[in-house]
1. What residues have an amide H closer than 5 Å to that of A:F64, excluding those fewer than 5 places away on the same chain, when H is modeled at 1.01 Å from N in the peptide plane?
2. Please compute the length gained on full extension between B:A114 and B:I129, using 0.36 nm multiplied by the number of residues separating them and subtracting their Cα-Cα distance.
3. Please report the spacing between the Cα centers of segment A:20-34 and segment A:47-64 in Å, no decimals.
4. Please work out how much accessible surface A:D4 shows to a 1.4 Å probe, ignoring ligands, DNA and RNA, in Å² rounded to 10.
5. Suppose we compare each residue of segment B:13-49 in its chain alone and in the full protein complex with a 1.4 Å probe; which ones drop by at least 40 Å² of accessible area?
6. Counting only the heavy atoms of the protein chains, how much of A:M45 is accessible to a 1.4 Å probe, in Å² to the nearest 10?
7. Going 7 Å from the Cα of A:K59 in the Cα-to-Cβ direction, what parts of segment B:66-108 have a backbone nitrogen less than 14 Å from that spot?
8. Assigning unit charges at the beta carbon (Lys, Arg +1; Asp, Glu -1) and nothing else, what dipole magnitude in debye, to the nearest 20, does chain A show about its Cα centre?
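The values are calculated or read from the model by the stated rules, or taken from the named source; none is laboratory data. None of these values were measured; they are calculated from a predicted model. Glycine also receives a Cβ, built like all others from the backbone with ideal geometry; neighbour counts cover every protein chain displayed. Heavy atoms of the whole protein, side chains included, go into the accessibility calculation; ligands, DNA and RNA do not. Shrake-Rupley method; radii C 1.70, N 1.55, O 1.52, S 1.80 Å.
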Amino acid sequence: MDVDLIFKIAAIGILVSILNIVLNKSGREEQAMMTTLAGLVVVLMLVVREIANLFDTVKALFGF
Amino acid sequence: METELVRIAGIGIVGAVLAVLISEKKPEMGMLIGLAFGALALVLVAGKASAVIKLINDSVDKSGIDAKLIVPVLKVTGMAYVTQFAVDACRDAGQNSIASKIEIAGKIMMLAVAAPIATALIRMITTII
């Protein structure tokens, strides 16, 4: 039960939203969109790896 | 066993608070936190379920029922496990239509797996009568 994954995702989320605000205020909307997409891709990779791990466990356990 | 439950409950609450905090600005991130917690908790619980499954297999072997019958039962349980996870994730993201499609697909697949048992049961009954 690694708690740090949840905190890592939360940290990325907060970071991205702050960066977004700062970039928007300074007039660079495209870069704000870029950072949002980058943050989303990173978090998605983390979550997809965890879900793949879950599905492998279930497959091994229940004899799929 | 109980300590893990307390840990999961605690982390769940913390995750929920974080998800609400973040989904205010970034709704998709909030949903991903919920998904990540779901995967983590279910991996832990699945580990515990393996002990139960070993118990079932041992008792089935001792009782003389041929092991072939127990395999679909476990398979359907696993499929229900996965379907419920996917449906909850889609409902979390607000996509109720996708969630119901996954639910229908899951039910049909489970039916397909469970059908042989039903026919075996009917054949057994007819031989008895």
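1. none
2. Numbers: separation 15, 0.36 × 15 = 5.40 nm, distance 2.33 nm.
Difference between extended and current length: 3.1 nm.
3. The two parts, judged by their Cα centres, are 38 Å apart.
4. 90 Å²
5. Buried by the other chains: B:L18, B:I22, B:K25, B:K26, B:M29, B:L32, B:I33, B:A36, B:A39, B:L40, B:V43, B:A46.
6. Counting only protein heavy atoms, A:M45 exposes about 130 Å² to solvent.
7. Residues passing the 14 Å test: B:79, B:82.
8. Numbers: 5 positive and 6 negative charges, 19 e Å.
In debye, rounded to 20, chain A gives about 100.
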